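The values are calculated or read from the model by the stated rules, or taken from the named source; none is laboratory data. Being a predicted model, the structure only gives us computed values, none of them experimental. Because the Cβ atoms are built from the backbone with ideal geometry, glycine has one as well, and the counts that use them run over all protein chains shown.
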Amino acid sequence: MLLGYARVSKGDDQTNTAQAKALKAAGCDRIFEEIASGGRWDRPELHRLLDQLRHGDTIVVWKLDRLSRSLKDVLHIMERIAKGGAGFKSLTESVDTTTAAGRMMMHMVGAFAEFERAMIRERTRSGLASARSEGRIGGRPRKLSGPQADAAIEDVLSGKRTMADTARLWKISAATVSRLVAKARLEQVDATKKSERQTKKLPQEK
């Protein structure tokens, strides 16, 4: 299924009409229209689209910056699309991850995203170590306790609730839920890889 996403910023004189027309002409079965800044992550229609995305679907936008004006957010969204087994098309830039060349680009996007995560973890560890050596404990106060965060993550991963519903339930932003779930999934992948490495090291029975 082709799912379109159209967005204009609040305060603009423009409307989503031209984008919606182009998306319909491209064959989109459903179009999610939003009026919000491209620099914000908490966009309800975008999250609704990502939550409803299924394997084999393709997200279509008129232009790449309609998805987001933040490179970091674009990388994060593209990674979520790839993990969901879906594709992505941008009509203006002729980006199409359903093609061989597009899939290669998706792998490159994934590599950059993984590099960014590694750099963030390294900076975080370095900052925390420096703070501890000076007797300080940095970071923002947590919006959810450990058990609450675990419950929110379990609801999303099990399919019991969407990210948007979970955010409303716990009175936090959708971005916070997305970060918690992304971290949990990354930890699951790391744990699986570690288990596989340990299994390969075990001596084979004769």
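Structure summary
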quantity: In region 1-36, residue farthest from Ala86 (Cα to Cα) [restricted to those that are buried (at least 18 other Cβ atoms within 10 Å of the Cβ) and polar (S, T, N, Q)]; calculated: Asn16
quantity: Scan of region 16-56 for residues that are in a loop (DSSP other than H, G, I, E, B), modelled with pLDDT of 90 or more and more than 16 Å from the chain's Cα centre (by Cα), ordered by number; calculated: Ala26, Gly27, Cys28, Asp29, Gly56
quantity: Matching residues, region 65-89, being within 19 Å of Arg43 (Cα to Cα) and touching a strand residue (DSSP E or B) at 6+ places or on another chain (Cβ under 7 Å); calculated: Arg66, Leu67, Met78, Ile81, Phe88
